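We did not get these values from a lab; they are worked out from the coordinates using the rules stated. Fair warning: this is a prediction, and the values are worked out from it, not measured in the lab. Virtual Cβ from ideal backbone geometry, glycine too; neighbours counted across all protein chains shown.
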Amino acid sequence: MLQFELALAYEIVGTRPDAVPGPWYDVRVCGTHSVRLGRFLLEPDCGLDRLADADTVIVPGLADINQDPPAELVEAVRAAHKVGARVVSLCTGVFVLAAAGLLDGLRATTHWAHTDTLAARYPLVTVDPDVLYVDNGSVLTSAGKAAAMDLCLHLVRRDYGAAIANIAARRLVVPPHRAGGQAQFVTTPVPAQDEHALADLLPWVMRRLDQPLTVEDLARQSNMSSRHLTRHFRSVTGTTPLQWLLTQRIRRAQELLESTNDSVDAIASAAGMGTATTLRRHFHRTVGVPPDTYRQTFRA
């Protein structure tokens with residue numbers, strides 16, 4: 001078990017904001033025995049049989065994904081979900097959910113270092129390495145480490161509303177959400193040997209997102225051929241120049257929706273999307289909701 005994700009989850013769902021008028025989460029740590037986490041000793045409050053009574057089950061990260069998750073844990077999580085519990089995994093806790101069959105046919109994520117392993121071991125799971133979390137309704141998964149915080153704040157937002165989630169985030173001195181709503185982006189790990197290839201180009205592009213940039217524009221700026229540029233982009237970012245550029249434009253639009261009262265037309269222009277119609281089409285496809293809905297739901 002990874003203590004970082006466990007502590008994050010407990011800090012968020014285990015601490016009731018003063019602004020909550022009614023009941024808050026009643027948090028219990030369930031397990032079969034005491035666990036030493038570094039210099040800390042974790043004593044469970046109750047056994048795994050209590051998961052059957054839970055409304056939400058949160059599975060923290062596993063310390064060793066090369067070992068099969070404990071069979072009794074897998075069965076307890078499966079049984080809890082079968083009787084209606086919402087099941088949430090943080091980081092590598094996703095391997096427990098996958099072993100229980102809860103992710104078959106669904107999108108899921110985990111720490112970027114383990115997405116390939118998850119995909120290879122559980123081919124029925126659609127693994128998305130480029131998000132902070134995935135919400136499938138009754139089954140939710142987070143990416144690695146601090147993304148556990150994003151998912152836990154998302155749970156609070158779902159259960160108690162954006163205002164309470166924002167209060168919880170301010171208490172933690174973190175943003176209430178990072179770079180979006182249902183489709184949140186993380187930077188694809190950059191291979192060390194390619195870090196220099198686009199080091200000057202990417203900031204140059206970010207300063208000009210309002211302009212109608214093309215692959216040829218980027219190639220000229222970086223003194224590369226278009227083919228060479230595309231190869232470097234795939235190596236460094238894991239995607240094509242145009243897809244990366246679209247992602248940055250959507251992120252810029254998200255930031256403006258969150259922090260300004262500008263019209264969708266003005267934001268479309270500032271993000272280099274041209275028209276509000278174009279922005280709405282790409283925004284809805286990427287984020288899952290229209291810009292106006294995003295602003296109402298996720299603006300801090």
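Worth a mention:
- For LEU51, the shell of other residues with beta-carbons less than 13 Å away shows a net charge of -1, using +1 for Lys and Arg and -1 for Asp and Glu.
- Contact order relative to length of region 3-172, as percent, for alpha carbon pairs under 8 angstrom and 6 or more apart: 20
- Beta bridge orientation in the chain: antiparallel %, DSSP, nearest 5: 40
- Gyration tensor (alpha-carbon) shape descriptor, region 206-282, a/c threshold 1.5: prolate
- Options GLY137, LEU202, GLY272, ranked by Cα towards positive dipole end of the chain, top entry (Cβ charges): GLY272
- Label-to-label distance, nm, for residues given as GLU255 and ARG158 (7 Å Cα→Cβ offset): 2.9
- Amide proton proximity set for ILE58, modelled H, under 5 Å, gap of 5+: VAL88
- Point-charge dipole on Cβ atoms (K/R +1, D/E -1) for region 191-300, about Cα centre, debye to 20: 280
- Mean residue ellipticity, 222 nm, helices only, the chain: the sum of -39500 (n - 2.57) across DSSP H runs of n ≥ 4, divided by residue count and rounded to 500, is -13000 deg cm²/dmol.
- Size descriptor, Kirkwood hydrodynamic radius, that averages inverse alpha-carbon separations across region 3-172, Å: 16.2
- Rounded to the nearest 20 debye, the dipole size of the chain about its Cα centre is 680 debye, using +1 on the Cβ of Lys and Arg and -1 on the Cβ of Asp and Glu.
- Three-way shape label, region 42-131, alpha-carbon gyration tensor, a/c 1.5: prolate
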